[in-house]
1. Could you work out how far apart the two model spin labels at Ser85 and Thr22 are, taking each label as a point 7 Å from the Cα in the direction of the beta carbon, and quote it in nm?
2. How much length is gained if the chain between Thr44 and Leu29 is pulled fully straight, taking 0.36 nm per residue apart and subtracting their Cα-Cα distance, in nm to one decimal?
3. Expected output is a single nm value to one decimal: the length gained when fully extending between Leu156 and Val118, i.e. 0.36 nm times separation in residues minus the C-alpha distance. What is it?
4. If you rank Thr70, Thr22 by how much accessible surface each has, with a 1.4 Å probe, what is the order from largest down?
Amino acid sequence: MNTPSAALTTAAAASHGFLSPTGVEIAFLLVGLVTFGAALVTVTTRQLVHAALWLVVTLGGLAVEYLLLTAEFIAWVQVLIYVGSVVVLLLFGLMLTKAPIGRSPDADSGNRWAALTVAVAAAAALVWVVVDAFRTTWIDLGGAASGSTKVTGASLFQNWVLPFEALSVLLLAALVGAIVLSRKAKADAATTANAPATPDTRSEKEGVR
(Lines give C-alpha, C1' and ligand atoms only; values in the text may rest on other atoms or scores of the structure.)
Protein backbone atom coordinates (compact mmCIF):
# COMPACT_ATOMS: atom_id res chain seq x y z
CA MET A 1 0.00 0.00 0.00
CA ASN A 2 1.41 3.35 -1.09
CA THR A 3 1.81 6.08 1.46
CA PRO A 4 0.54 9.63 0.74
CA SER A 5 4.10 10.91 0.26
CA ALA A 6 4.84 8.15 -2.27
CA ALA A 7 1.65 9.01 -4.13
CA LEU A 8 2.61 12.68 -4.27
CA THR A 9 6.09 11.78 -5.51
CA THR A 10 4.63 9.57 -8.24
CA ALA A 11 2.23 12.33 -9.28
CA ALA A 12 5.04 14.89 -9.39
CA ALA A 13 7.19 12.59 -11.50
CA ALA A 14 4.29 11.99 -13.90
CA SER A 15 3.45 15.69 -14.34
CA HIS A 16 7.04 16.89 -14.84
CA GLY A 17 9.89 15.67 -16.97
CA PHE A 18 13.17 16.69 -18.52
CA LEU A 19 11.38 18.44 -21.39
CA SER A 20 9.16 20.50 -19.08
CA PRO A 21 11.42 21.83 -16.32
CA THR A 22 10.13 24.09 -13.59
CA GLY A 23 11.66 27.40 -12.55
CA VAL A 24 13.39 25.80 -9.58
CA GLU A 25 14.94 23.14 -11.82
CA ILE A 26 16.21 25.77 -14.26
CA ALA A 27 17.71 27.76 -11.36
CA PHE A 28 19.30 24.57 -10.04
CA LEU A 29 20.94 23.93 -13.44
CA LEU A 30 22.22 27.52 -13.78
CA VAL A 31 23.66 27.59 -10.26
CA GLY A 32 25.25 24.21 -10.91
CA LEU A 33 26.97 25.54 -14.04
CA VAL A 34 28.31 28.57 -12.11
CA THR A 35 29.53 26.29 -9.32
CA PHE A 36 31.22 23.99 -11.82
CA GLY A 37 32.97 26.93 -13.49
CA ALA A 38 34.17 28.27 -10.13
CA ALA A 39 35.50 24.82 -9.22
CA LEU A 40 37.48 24.68 -12.48
CA VAL A 41 39.00 28.10 -11.82
CA THR A 42 39.87 26.99 -8.27
CA VAL A 43 42.01 24.09 -9.46
CA THR A 44 43.52 25.83 -12.52
CA THR A 45 44.55 29.25 -11.19
CA ARG A 46 48.18 29.76 -10.19
CA GLN A 47 47.39 32.34 -7.51
CA LEU A 48 46.85 30.63 -4.18
CA VAL A 49 44.76 33.41 -2.64
CA HIS A 50 42.55 33.58 -5.73
CA ALA A 51 42.09 29.80 -5.53
CA ALA A 52 40.88 30.13 -1.93
CA LEU A 53 38.47 32.91 -2.90
CA TRP A 54 37.09 30.94 -5.84
CA LEU A 55 36.63 28.06 -3.42
CA VAL A 56 34.29 30.35 -1.47
CA VAL A 57 32.21 30.80 -4.64
CA THR A 58 32.17 27.05 -5.22
CA LEU A 59 31.05 26.20 -1.69
CA GLY A 60 28.51 29.03 -1.74
CA GLY A 61 27.05 27.63 -4.96
CA LEU A 62 26.68 24.25 -3.29
CA ALA A 63 24.83 25.93 -0.42
CA VAL A 64 22.41 27.48 -2.90
CA GLU A 65 21.87 24.06 -4.47
CA TYR A 66 20.97 22.65 -1.06
CA LEU A 67 18.49 25.48 -0.58
CA LEU A 68 16.86 24.69 -3.92
CA LEU A 69 16.59 21.05 -2.82
CA THR A 70 14.65 22.18 0.31
CA ALA A 71 17.53 21.17 2.63
CA GLU A 72 17.86 24.42 4.54
CA PHE A 73 19.76 22.95 7.47
CA ILE A 74 22.45 21.40 5.22
CA ALA A 75 22.70 24.69 3.31
CA TRP A 76 23.42 26.74 6.43
CA VAL A 77 25.84 24.10 7.72
CA GLN A 78 27.63 24.39 4.38
CA VAL A 79 27.91 28.16 4.82
CA LEU A 80 28.90 28.13 8.49
CA ILE A 81 31.39 25.25 8.46
CA TYR A 82 32.90 25.21 4.98
CA VAL A 83 32.64 28.82 3.82
CA GLY A 84 33.02 30.34 7.28
CA SER A 85 35.58 27.96 8.79
CA VAL A 86 37.42 25.81 6.26
CA VAL A 87 38.20 28.63 3.82
CA VAL A 88 39.20 30.94 6.68
CA LEU A 89 41.50 28.17 7.92
CA LEU A 90 43.06 27.88 4.46
CA LEU A 91 43.64 31.63 4.24
CA PHE A 92 45.08 31.61 7.77
CA GLY A 93 47.48 28.83 6.74
CA LEU A 94 48.52 30.77 3.63
CA MET A 95 49.26 33.83 5.74
CA LEU A 96 51.27 31.83 8.27
CA THR A 97 53.41 30.24 5.55
CA LYS A 98 53.82 33.63 3.81
CA ALA A 99 52.52 32.33 0.50
CA PRO A 100 52.94 34.79 -2.41
CA ILE A 101 49.90 36.90 -3.20
CA GLY A 102 50.56 37.00 -6.96
CA ARG A 103 51.21 34.21 -9.42
CA SER A 104 52.90 31.16 -7.91
CA PRO A 105 54.78 29.05 -10.48
CA ASP A 106 55.80 26.66 -7.70
CA ALA A 107 52.13 25.79 -7.17
CA ASP A 108 52.14 23.90 -10.50
CA SER A 109 53.83 20.51 -10.12
CA GLY A 110 53.88 19.83 -13.86
CA ASN A 111 51.63 16.76 -13.56
CA ARG A 112 48.60 18.38 -15.17
CA TRP A 113 47.70 15.46 -17.41
CA ALA A 114 47.95 12.92 -14.59
CA ALA A 115 45.84 15.15 -12.33
CA LEU A 116 43.30 15.69 -15.12
CA THR A 117 43.04 11.94 -15.75
CA VAL A 118 42.47 11.20 -12.07
CA ALA A 119 39.91 14.03 -11.79
CA VAL A 120 37.93 12.85 -14.83
CA ALA A 121 37.97 9.24 -13.63
CA ALA A 122 36.82 10.27 -10.13
CA ALA A 123 34.08 12.51 -11.55
CA ALA A 124 32.85 9.73 -13.86
CA ALA A 125 32.76 7.26 -10.96
CA LEU A 126 30.85 9.69 -8.72
CA VAL A 127 28.33 10.53 -11.46
CA TRP A 128 27.78 6.84 -12.18
CA VAL A 129 27.28 6.01 -8.49
CA VAL A 130 24.84 8.89 -7.95
CA VAL A 131 22.84 8.15 -11.11
CA ASP A 132 22.68 4.45 -10.30
CA ALA A 133 21.61 5.09 -6.69
CA PHE A 134 18.97 7.74 -7.42
CA ARG A 135 17.77 6.62 -10.84
CA THR A 136 14.12 6.31 -9.79
CA THR A 137 14.15 8.91 -7.00
CA TRP A 138 12.14 12.08 -7.51
CA ILE A 139 12.22 15.04 -5.12
CA ASP A 140 9.14 17.23 -5.08
CA LEU A 141 10.76 20.67 -4.86
CA GLY A 142 7.38 22.32 -4.43
CA GLY A 143 6.43 20.25 -1.38
CA ALA A 144 7.39 20.46 2.26
CA ALA A 145 11.02 20.74 3.32
CA SER A 146 12.61 17.31 3.59
CA GLY A 147 15.99 18.23 5.11
CA SER A 148 14.82 18.78 8.66
CA THR A 149 17.28 19.34 11.49
CA LYS A 150 16.13 16.26 13.40
CA VAL A 151 16.55 13.79 10.53
CA THR A 152 19.82 15.30 9.33
CA GLY A 153 21.34 15.46 12.82
CA ALA A 154 20.40 11.85 13.56
CA SER A 155 21.97 10.67 10.29
CA LEU A 156 25.09 12.79 10.76
CA PHE A 157 25.91 11.80 14.33
CA GLN A 158 24.91 8.14 13.96
CA ASN A 159 26.12 7.11 10.51
CA TRP A 160 28.68 9.78 9.58
CA VAL A 161 30.26 10.72 12.91
CA LEU A 162 33.60 8.99 12.12
CA PRO A 163 34.24 10.84 8.79
CA PHE A 164 33.12 14.07 10.47
CA GLU A 165 35.67 13.68 13.27
CA ALA A 166 38.38 12.56 10.82
CA LEU A 167 37.87 15.76 8.84
CA SER A 168 38.23 17.86 11.98
CA VAL A 169 41.50 16.09 12.87
CA LEU A 170 42.76 16.63 9.31
CA LEU A 171 42.03 20.36 9.49
CA LEU A 172 43.73 20.58 12.88
CA ALA A 173 46.81 18.82 11.45
CA ALA A 174 46.89 21.30 8.54
CA LEU A 175 46.78 24.25 10.95
CA VAL A 176 49.54 22.79 13.15
CA GLY A 177 51.65 22.11 10.05
CA ALA A 178 51.27 25.71 8.89
CA ILE A 179 52.35 26.99 12.31
CA VAL A 180 55.41 24.68 12.34
CA LEU A 181 56.45 25.78 8.84
CA SER A 182 56.10 29.46 9.72
CA ARG A 183 58.16 29.08 12.92
CA LYS A 184 60.85 27.13 11.05
CA ALA A 185 61.08 29.85 8.40
CA LYS A 186 61.44 32.52 11.08
CA ALA A 187 64.14 30.49 12.86
CA ASP A 188 66.10 30.04 9.63
CA ALA A 189 65.85 33.76 8.87
CA ALA A 190 67.07 34.65 12.38
CA THR A 191 69.98 32.18 12.11
CA THR A 192 71.04 33.67 8.78
CA ALA A 193 70.85 37.22 10.13
CA ASN A 194 72.92 36.37 13.24
CA ALA A 195 75.54 34.27 11.44
CA PRO A 196 79.14 35.65 11.64
CA ALA A 197 80.50 37.19 8.48
CA THR A 198 82.81 34.98 6.40
CA PRO A 199 86.24 36.23 5.16
CA ASP A 200 84.85 36.76 1.67
CA THR A 201 82.01 38.81 3.06
CA ARG A 202 84.42 40.88 5.16
CA SER A 203 86.67 41.57 2.18
CA GLU A 204 83.69 42.64 0.11
CA LYS A 205 82.60 45.01 2.87
CA GLU A 206 86.13 46.46 3.14
CA GLY A 207 86.27 46.92 -0.62
CA VAL A 208 83.01 48.80 -0.54
CA ARG A 209 84.39 51.03 2.21
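The values are calculated or read from the model by the stated rules, or taken from the named source; none is laboratory data. Just so you know, these numbers come straight off a predicted model, no measurement behind them. So basically every Cβ, Gly included, is an ideal-geometry build from the backbone, and we count neighbours across all protein chains shown. The protein model used for the area step is the full one, side chains on, heavy atoms only, and it has no ligands, DNA or RNA in it. Shrake-Rupley method; radii C 1.70, N 1.55, O 1.52, S 1.80 Å.
1. 3.3 nm
2. Taking Thr44 through Leu29 to full extension adds about 3.1 nm, to one decimal.
3. 10.8 nm
4. My answer, sorted largest first, is Thr22, Thr70.
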